[in-house]
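Heads up, the thing below is written out as C-alpha cells.
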Amino acid sequence: EKFPTQHTSAFNLGVLYHHDLKKYSRAEEQYNEAIRRFPMDPLNYLGLHELYRYSNKQDTAATVDILVAGMEVVPDDANMPIALAAYYRDDKKDYRASIEYIRKAIDVLKENAGSPEKIKALEGEAERLGKL
C-alpha cells in the first residue's frame, strides 16, 4: 500500500502467495500487476510462468504464452527462452522445441555479449538433445 506503483512489491506478493500461502489466484493477480507496473522486468514473467508450470493452470497454453509475451517485450533477456527450453525438454519431452528455444537464447547471448561459458553450455545441451 505504501508503494502502489512499485513493481517489486507486487512481484514479492506474488512470490508470497505462490510459494508460502498457496493462494494461486492471488499470486497470479500480483504477478500480473507486477508486469503491468513494469513490463521490462523478466522476473515478473518468469514468476508467472513458474506459477503456471508448477502450481496453477498446468498443461495450458498460459505456461508458454506468458514467456512468449515477455520475450516480445524484453527481447534481450536470455532467461525466458532458457525457461521455455527447459519446459519443453522436461515437461513435454519435445526436444525439437527445446532446441529451438536454446538457439534463441544463444542468439540473445551472442547479440548482448553474454557469457561465453553459458553459450558453450547451451550449445552442448542443444547438441545432446539433438541426439535423443
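Bear in mind that the values in this text are calculations on the coordinates, not laboratory data. Since this is a predicted model, take the numbers as computed values, not measurements. Here the Cβ is made from the backbone with ideal geometry for all residues, glycine too, and neighbour counts use every protein chain on show.
Hey, what angle do you get for helix 62-73 against the long axis of the chain, alpha-carbon based, 0 to 90 degrees rounded to 10?
Tilt relative to the chain: about 80 degrees.
Just to verify a number: FRET efficiency for D20 and T60, C-beta to C-beta distance, R0 = 41 Å, to 0.05? Don't skip to the end; give the middle numbers.
Details: r = 23 Å, r/R0 = 0.57.
The value I calculate is 0.95.
At 222 nm, what helix-only mean residue ellipticity would the chain give, in deg cm²/dmol to the nearest 500, using -39500 (n - 2.57) for each DSSP H run of four or more? Walk me through the numbers before you get to the answer.
Working: 7 runs with 89 residues, N = 132.
Counting only the DSSP helices, I get -21000 deg cm²/dmol.
I want to check a number: in the chain, how many lysine pairs have alpha carbons closer than 26 Å, given a sequence separation of 8 or more or different chains?
Going through the chain pair by pair, I get 25.
In nm², what is the average projected area of the convex hull enclosing the Cα atoms of segment 15-85?
On the way: hull surface 16.8 nm².
One quarter of the hull surface, i.e. the mean projection, equals 4.2 nm².
Which log10 I(q)/I(0) values, to two decimals, does the chain give at q = 0.11, 0.17 Å⁻¹ under the Debye formula with one point per Cα?
Log10 of I(q)/I(0), two decimals: -0.41, -0.89.
Can you compute the charge dipole magnitude of segment 1-121 about its Cα centre, using +1 on each Lys and Arg Cβ and -1 on each Asp and Glu Cβ, nothing else charged? Give it in debye, rounded to the nearest 20. List each step's numbers first, then the result.
Values: 17 positive and 19 negative charges, 47 e Å.
That gives a dipole near 220 debye.
For the ranges 72-84, 106-118, what's the packing order if you count other beta-carbon atoms within 10 Å of each residue, average per peptide, and put the highest first?
On the way: 72-84: 19.2, 106-118: 13.6.
So the peptides 72-84, 106-118, ranked by packing, come out 72-84, 106-118.
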